[in-house]
Amino acid sequence: MSADTAAPAALTADAAVVGAGPAGLAAALELARAGLDVLLLDEQAEPGGQYYRRPGPEVLDAVGDHRPEGGRLVARVRAAGVRVLSGHTVWGVDDDRRTLLAASPGGAAVRVRARWVVAATGAYERSVPFPGWQLPGVVTPGLAQHMSAEGVRLGRRAVVAGSGPFLLPVACALLERGVRVVAVAEAGRPYTPGPASLGALRFPARLAELASYAARLARHGVRVHQDTVVARAHGADRVEAVTLTRFSDPERVVARHGVDLLCVGYGFRPQADLPRLLGCAVDRDPATGDTVPRLTPTGRSSVPHVYVVGEAAGAAGAPTALARGRAAALDILASSGRAPDRGERRRLAVHLASLAGFTRLTAALYPAPAELVPALARRLPGPTLVCRCECVTADAVRAAAAAEGGSDVPAVKGGTRAGMGLCQARECGPALEALRAGGPGTGTVPARVPLRPLPLAAVLELADTPGEDV
């Protein structure tokens, strides 16, 4: 059992923070330092989330800690007295819409009741199917960066493709591990000077970071294709080549590269399933097409005791996640009668506003996912696997959507089993939505219990683990 604190069947706390990434750690630290009893739950074996993922002893010896600031933050959280439950998966909410249902690393049922709930559940990578995406050697950029940080060389010759600023650091991470990156394919034209790019002058540090990535790619002769997407991955037992075409002209082939590694992703989607189960109102973001909780500037949802922070509130990067976590904590302290420093709250609000400006700039430079994802999904050839878990093709999804009663995603799922596999539509959800005639491609798959696969024993034990009043 990897939990920092052994968990009994029922737990109470002043605040329960779900997710130990940057936002969850920041919120837990602020709350605990003010004297609140804080419980921090995370499904990973160690706190840190994807961004501050803690390396194991072998990795530390081999390549070191690529984000040591994460280790320092985790140490401060523990020192502040936060009860950390690593390896605990929050998989649902009880009928009272307040009690969190979790499973311990050993599969035992755990109920959690708290006066405040902070959902810091992070984000998914945004995937769009294409022919051959099921081949070994095709991965997401996030996985490629993570494995590179762990010292793993995933391949010898790679293409990095998709859309968003994340692609450049991923390509650089692969180069550091000795992978020959032959090209970066970006669906938009963010690196072509234009009126929108002038806004970058207000963020000189970010410009310098971008220039650093561009210089490294240039030194290694990496070609950056703009207005370019993956049309097909080729190979028998694993990826052997990739064909790139113009996004604006799918018939025009840009290049075909021999590769044994293909990293494809289109940014990130908020992981907002838990807030939806807790009854939080949600809206559809018109730019991204994502379902996002309706929040105040400090992260308070429509359910007064529930806050949503970090990437779960809208993908915006680690600096914003840290600030959102702190802002929610200060708001909770104010509501609890523990008057936080007003000056600190004002400075944090200004900081958040500045970060929001950079997020808007990024959105203006790169293609809007609400338009990009449907355009890519609708041009999929019929035999393309859309749901890799259940082996469902684009033709099968289109047929189910056109059949009587196939007007929404749940009906398509019921007719095909698409989205009912291990990932629960986290990867194919947007494509399922887009493949319906006129569908917006937003992945509006309902949030349902269980949020994660779990042992049956964890459910059966619930009857014997009554909650406690807070």
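The values are calculated or read from the model by the stated rules, or taken from the named source; none is laboratory data. The shown structure was predicted, so the numbers you read here are calculated from the model rather than taken from an experiment. Glycine also receives a Cβ, built like all others from the backbone with ideal geometry; neighbour counts cover every protein chain displayed. Calculation scope for accessible area: heavy atoms of the full protein, side chains included, ligands and nucleic acids excluded. Shrake-Rupley method; radii C 1.70, N 1.55, O 1.52, S 1.80 Å.
With the Cα gyration tensor of the stretch 213-260 giving a ≥ b ≥ c as the square roots of its eigenvalues, does the rule (a/c under 1.5 for rounded; else a/b larger than b/c for prolate; else oblate) give rounded, prolate or oblate? Note, shape of the stretch 213-260 comes out oblate.
Of the solvent-accessible surface of the stretch 329-422, computed with a 1.4 Å probe and all protein chains present, 56% belongs to carbon and sulfur.
Remark: the Cα gyration tensor places the chain in the prolate category, a/c being 1.5 or greater and a/b exceeding b/c.
For the stretch 175-256, the share of accessible area belonging to carbon and sulfur comes to 53 percent (1.4 Å probe, ligands and nucleic acids excluded). Accessible area per residue for the stretch 175-282 is 47 Å², calculated with a 1.4 Å probe on protein heavy atoms, without ligands, DNA or RNA. With contacts taken as Cα pairs under 8 Å and at least 6 residues apart, the chain reaches a relative contact order of 18 percent.
Rolling a 1.4 Å probe over the heavy atoms of the protein chains gives the stretch 58-147 an accessible area of 37 Å² per residue. With all protein chains in place and a 1.4 Å probe, the accessible surface of the stretch 42-117 carries 46 percent carbon and sulfur. A protection proxy built from the mean count of other Cβ atoms within 10 Å ranks the segments 155-162, 62-69, 379-386, most packed first, as 155-162, 379-386, 62-69.
DSSP beta bridges fully contained in the chain are about 45 percent antiparallel.
Measuring between their Cα centroids, the stretch 13-54 and the stretch 116-180 lie 25 Å from each other. With both residues required to sit in the stretch 100-194, DSSP beta bridges show an antiparallel share near 40%. With helices as the sole contributors, the chain gives -9500 deg cm²/dmol at 222 nm; each DSSP H run of n ≥ 4 counts as -39500 (n - 2.57), and the sum is divided by every residue.
Inter-part distance, the stretch 285-342 to the stretch 362-394, computed on C-alpha centroids, equals 30 Å. For the stretch 306-364, the solvent-accessible area with a 1.4 angstrom probe is 43 square angstrom per residue. Which of the three applies to the stretch 3-129, rounded, prolate or oblate, going by the alpha-carbon gyration tensor with a ≥ b ≥ c and a/c under 1.5 meaning rounded? Verdict is prolate for the stretch 3-129.
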